[in-house]
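Below is one structure, written out as structure tokens; the observations come after it.
What follows draws every value from the coordinates through simple rules; no lab data is involved. Owing to the predicted nature of the structure, the values given are computational and were not obtained by experimental measurement. As a convention, Cβ positions derive from the backbone with ideal geometry for all residues, glycine included, and neighbour counts pool all protein chains shown.
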Amino acid sequence: MTRSRSAIPITLALSMLIAGVAGAEDASAPQDNIAVAREDNGRYYTAEDVPTFKIAGDGTVDWLTYSGFRRYHSECHVCHGPEGEGSSYAPALKNSAINLDYYAFLDVVTNGRKKVNAAENSVMPAFGENANVMCYLDDIYVYLKARGSGSLPRGRPAKKEAKSDAIRDAENSCLGNN
Amino acid sequence: MAQADTGERGDRKVSPGGLMALIGSTQEEDEMKRLLTLLALTSIGGAQVALANSDLQKQIDDPNQWAIQTGDYANLRYSKLDQINKENVGKLQVAWTFSTGVLRGHEGAPLVIGDIMYVHTPFPNTVYALDLSKDGQIIWKYEPKQDPNVIPVMCCDTVNRGVAYADNKIFLHQADTTVVALDAKTGKVIWNVKNGDPSKGETNTATVMPVKDKVIVGISGGEFGVRGSVTAYSMADGKLLWRGYSMGPDSDTLMDPEKTTHLGKPVGKDSGLTTWEGDQWKIGGGTTWGWYAYDPEQNLVYYGSGNPSTWNPTQRPGDNRWSMTIWARDVDTGMAKWVYQMTPHDEWDYDGVNEMILTDQKFDGKDRRLLTHFDRNGFGYTLDRVSGELLVAEKYDPKVNWATEVNMDPKSDQYGRPQVVAQYSTEQNGEDTNSTGICPAALGSKDQQPAAYSPKTELFYVPTNHVCMDYEPFRVSYTAGQPYVGATLSMYPPKDSHGGMGNFIAWDNKEGKIKWSLPEPFSVWSGALATAGDVVFYGTLEGYLKAVDAATGKELYRFKTPSGVIGNVMTYARGDKQYVAVLSGVGGWAGIGLAAGLTNPNEGLGAVGGYSALSNYTALGGTLTVFALPD
């Protein structure tokens, strides 16, 4: 990972986590984890500096949301089902992106998670060494958050913002100019 | 044959001789040929070799049993039992049930040998031996210890397609690629061997095929850059006897540049290397997780290899031989006699793993040894299984559009190649371009769910998918043990069709034509069973077991089992009663793609038809349901 993220105080993360747990599907999601507070070269952030999506009135999505749609359906879809809807055995990640705090979401994707017992054989692998996932973590996260918030319908986003040079440079650097 | 004394039950009385007459002379001749072949083998081969082989063949030939997952070595999935027939199947009732205790997708079927039924489960791959003479009491249970880290390395759920039997042993091929031989009477481990490395994405979902003194074993992991192979282990002790890879130098693929043929011509030196760029073949896919077939007369084992890795065709220039290929290998040496690559340089994930069904039929007035294969790419192929000559290649779903036809002119440089439509070529459209409206979708017009064949009708009964897709390939990097996919897909039912995502069809392999087609709301992901009672059985994703008339497709019976059916229907008899059994337990690829429903193109972009969500019909849970006629 070549990109760095600003650390936030633990107390703040905890309070966000609690708020997040309360949020169910659709519009009941906490707005402060969704509303765009600032833009940085084609990336959008909340007031708490958490990545978020932006969807214009005509349905144009930000580049990361579009890119997240693609990466999700390459890396996550084979277990978690189309468009974050969940499968017969893996959870609907469109809800996880709303219910889990951003940093908890990153933790699960990076380090994995196991629920193995008599009733369940549920294992999320650690993607920490997978560039195809880690270089697009924010993309996948904001896409799923857009889906879970009810702001983005199923299907391929029809219109998207252009890919900014900053996003392109970060991608190349992360992938090692692959 | 236990069926001989069923006359008192009000059903048609059938004697073994009468049964043979019903089946017709072709089948009778087949039986005779098989017997003669076995006799020949017995006299030529060593005593041990012949014993193991002829013992399993004997078990398979007893229609009261279900001794091999595929019904027989020819993959017919046809039973000579006829107590349950098209006149009385409507009266079928549930005789007994068994919960497997596992929630994930249940593929494959139980075996019945003698008094014992062997039932398997998805991960953790538990095996139960049930005593049918004591109301299904559990004789033994085997649950292997496996590292749960194998679970997420399995593409598309933790399914397992069942155990195999031979030589008083039960063979289980676990998710983590451990092949274990259990004592069939006690469940005690006799030997085990590791066929692959799950930390590199090598896993298993398939059954194994016992042949002669060997157990033939495949591997999964095409979405993780695994290089596919088929391996023969010694049935007695698990020793590795030969391994043939799907790509690489001739010493790896077990090909002879002169003697191994592709459509009648020698393959040439290192064909599994020269059709790849650089070292891409080392992570080239072509995995081998389908149902295998065996022809004792030819001493050949038949199977298909899967997609080349990655799903982004631009990253692997060349024909990518021998992914997407029908293989015929010598059982004793592993040497490839002939191959046929159906989809050179795959651009759609049309794995070639589906089963090869071996029949002896008249073709153009001549007796031919045929091989019929319903490929994921939507073409139904008929070949001469001795020579590998291509006889028929026709679409078995009229919506298939990625290719216009397969070139059938031996003089053409395109001979045997699908004629790709540029609009649907994800290679020609290029990386980062979304190709839309491609039919079939990546799961194919049919996936592993095996078809059945009735020698009485000479028809194939095929469970199919009726799904199209958008496909956008993009560049990915390879990390061992991590997904190596490189494409974004979205899937939906075909436009201007019946709105459902599946059909159950009857296919004529000589004409290459659909005889009848039953629309289904979901992909039909259950293996079919044809019987001498003129009935064909299959399961549906909502959970129905259905029985239809083998001649017309008319529905004769349906029963809703506890969960969606992705298992294969089997039949057996005890005393004077015929039973039909199927595992339900929704999951697999079908459970992933359809659980929440697909987007529906008829309702505009992004809209979802509520009817299409499988989760509205069924929930998880593995149960065996066994049916019989009332007393």
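Structure notes:
- Gain in span if fully extended, B:Asp631 to B:Lys366, counting 0.36 nm per residue against the direct Cα distance: 90.8 nm
- GluC sites (Glu not before Pro) restricted to the range B:196-287 and DSSP loop, no more than 10 other C-beta within 10 Å: B:Glu258
- Note on A:148-160: average number of Cβ atoms from other chains within 10 Å of each residue's Cβ is 3.
- Selection from B:Val400, B:Leu459, B:Ser445 lying farthest towards where the dipole of the range B:320-466 points positive, charges on Cβ: B:Leu459
- Computed P(r) (all Cα pairs; the range A:9-168; 5 Å bins; percent): 2, 9, 18, 23, 21, 16, 7, 2, 1, 0
- Residue-averaged beta-carbon neighbours from other chains (10 angstrom radius) around B:487-493: 4
- Screening chain B for DSSP H helices whose Cα atoms reach 18 Å or more along their own axis and whose mean Kyte hydropathy is at least -0.5 gives B:25-44, B:47-61.
- For the protein assembly as shown, the convex hull spanned by the alpha carbon atoms encloses 148 Å³ per residue.
- FRET efficiency estimate (nearest 0.05) - Cβ-Cβ, B:His498 to B:Gln414, R0 41 angstrom: 0.75
- Charged-residue dipole, Cβ positions (Lys, Arg, Asp, Glu), the protein assembly as shown about Cα centre, Debye nearest 20: 720 debye
- Cysteines of the protein assembly as shown lacking any other cysteine Cβ under 4.7 Å from their own Cβ: A:Cys76, A:Cys79.
- A dipole drawn for the range A:9-168 from +1 and -1 charges on Cβ atoms has a positive end, and of A:Cys135, A:Ser88, A:Tyr45 the residue lying farthest that way is A:Ser88.
- Two-site FRET efficiency, B:Thr404 against A:Asp32, from Cβ-Cβ distance with R₀ of 45 Å, rounded to 0.05: 0.20
- Each of B:His173, B:His498 was scored by other Cβ atoms within 10 Å of its Cβ. Arranged with the fewest first, they read B:His498, B:His173.
- Per-residue mean of C-beta atoms belonging to partner chains within 10 Å, peptide A:84-95: 6
- Among B:Ser497, B:Ser79, B:Ser323, the ranking by other beta carbons within 10 Å of each residue's beta carbon, starting with the fewest, stands as B:Ser497, B:Ser79, B:Ser323.
- Here the simple spin-label model places points 7 Å from the Cα toward Cβ, and for B:Lys185 and B:Lys145 these points are separated by 2.8 nm.
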